[in-house]
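Please read the structure below before turning to the comments.
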Amino acid sequence: MLDKPSESFSARPDGCAAGRALLDINSLTVAFNKNGRRGVVLDDISVKIPHGKIVGLVGESGCGKTVLGSSIIGLLPERGVEVVSGEINFYSGENGPYAPENLLNLNYHGMKKYRGSKISMIFQEPMSSLNPVYTAGSQIAETIKNKNYNLSKAEITARSIEMLAKAGMPDPARVYDMYPHQLSGGMRQRVVIAIALANNPDLIIADEPTTALDITVSEQILFLLYNIREKFDSSIILITHDLSVVANVCDEVYVMYRGTIVENGPAREIFTSPKNPYTIGLMESLPEAGARGKSLHVIGGNVPSIFTEIKGCKFKDRCHKARPECLEMPPVKNAGNGHYYRCHF
């Protein structure tokens, strides 16, 4: 499962020539402008998503994970958002086997050929992701129809029911005619996944897919995502703050803090030998198996606002290892085995 490590999030090798990269984000910087103030949400982000891998994007709420996912699929707000620099190169094969398309250069109509067919997104809240006035089946059928004009209504219906079955839905033919309010949270999430799968995308962005679901249903959804990768050969970006989720299903991990990648590498390396103090703090916040009556580790403070100017390391005000050197941005260091991290120490 962990056979191909990711590359550095600083130096960008020409991985696409070897056919490895599906998505290559280079030095992406995105800022929000509000009431005359400017805040950087993504600060020089570089991420590589290989073919057929599940890549975890981890960090506390407010670190920019969802903004990064929305940037990829072209769903950033039109007003108040500024893409300052960078590229999001997608290797779809549209321009040749190794010729990428920079998604940031596309307008709304240009993104339509990718959105829903080559790139899909599972949104964060299953309870509100579906339109309450349409049946579950009609919402899947709409996605299929938008990309397959030659299919008949009967064929679209059959394919919609098939997608529900592949998403692990019990009695998919009956659920096809049901409305969202008639479905449980886990069933709604399966409908959302069926919509994402409808056109067999190359990349699926799963934004907190287990939010608001109980532990049993959460495990079923995660197992389903793992199987989707195997059956559809799709790459998956799994956005989450839950490290136990990442440990179970991800091949590679990127740890984000306040719009910056602070550590990345194969999941096994990150979990067995974390280097950045923020990553270590997240690991120590996990409950230990069999531990009773023992307080969990807490990272003091909160993620600072994007409108708060920070010089140097963005984690220094919450880091117990902070030193005067942290007033300078730490360099990227190579820990070996495809494992990279930012820290002075």
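Couple of notes before you dig in:
- Residue list for region 191-243, filter: of a type in the set (Asp, Glu), touching a helix residue (DSSP H, G or I) at 6+ places or on another chain (Cβ under 9 Å) and surrounded by fewer than 17 Cβ atoms within 10 Å (Cβ to Cβ): Asp214, Glu219
- Residues that are among the polar types (S, T, N, Q) and modelled with pLDDT under 95, drawn from region 71-101: Ser92, Asn95
- Val245 being under 20 Å from the mean Cα position of the chain (by Cα) and not assigned by TED's automatic domain parsing to the domain that holds Tyr91: no
- Residues located in region 261-277, provided they are more than 22 Å from Ile299 (Cα to Cα) and surrounded by 24 or more Cβ atoms within 10 Å (Cβ to Cβ): Gly265
- With a requirement of 2 or more residues that are in the same structural domain as Asn248 (by TED's automatic domain parsing), at pLDDT 95 or above and not acidic (Asp, Glu), none of the helices (runs of 4 or more DSSP H) lying completely within region 151-226 satisfies it.
- Hey, Lys294 surrounded by fewer than 20 Cβ atoms within 10 Å (Cβ to Cβ), without any contact (Cβ under 8 Å) to a residue 60 or more places away in the chain and outside the structural domain of His241 (by TED's automatic domain parsing) or not: yes
- Complete set of residues in region 115-144 that are at negative phi and in contact with a Ser or Thr (Cβ under 7 Å, 6 or more places away or on another chain): Lys118, Phe123, Gln124, Glu125, Gly137, Ile140, Ala141, Ile144
- The sole residue among Glu263, Glu328, Glu269 that is closer than 26 Å to Phe32 by Cβ and in contact with a strand residue (DSSP E or B) (Cβ under 9 Å, 6 or more places away or on another chain) is Glu263.
- Given (1) farther than 24 Å from Lys314 by Cα; (2) assigned to a helix (DSSP H, G or I), index of the condition Val246 fails: (1)
- Test: residue in region 107-122 that is of a type in the set (Val, Ile, Thr) and farther than 23 Å from Ile215 by Cβ: yes
Conditions tested, residue by residue: (1) surrounded by fewer than 20 Cβ atoms within 10 Å (Cβ to Cβ); (2) modelled with pLDDT under 90.
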position	(1), (2)
Met1	yes, yes
Glu7	no, yes
Cys16	yes, yes
Leu23	no, no
Val30	no, no
Arg38	yes, no
Ser46	no, no
Gly52	yes, no
Gly64	no, no
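- Number of residues in region 206-242 that are within 13 Å of the chain's Cα centre (by Cα) and among the acidic types (Asp, Glu): the value is 3.
- Scanning region 310-327 for residues that are more than 12 Å from Ile299 (Cβ to Cβ), touching a residue at least 12 places away in the same chain (Cβ under 8 Å) and surrounded by fewer than 20 Cβ atoms within 10 Å (Cβ to Cβ) gives Ile310, Lys311, Gly312, Lys321, Arg323, Glu325, Leu327.
The values are calculated or read from the model by the stated rules, or taken from the named source; none is laboratory data. This one's a predicted model, so the numbers in the text were calculated from it and none came from an experiment. Ideal geometry is used to build each Cβ from the backbone, glycine not excepted, and the neighbour counts take in all protein chains shown.
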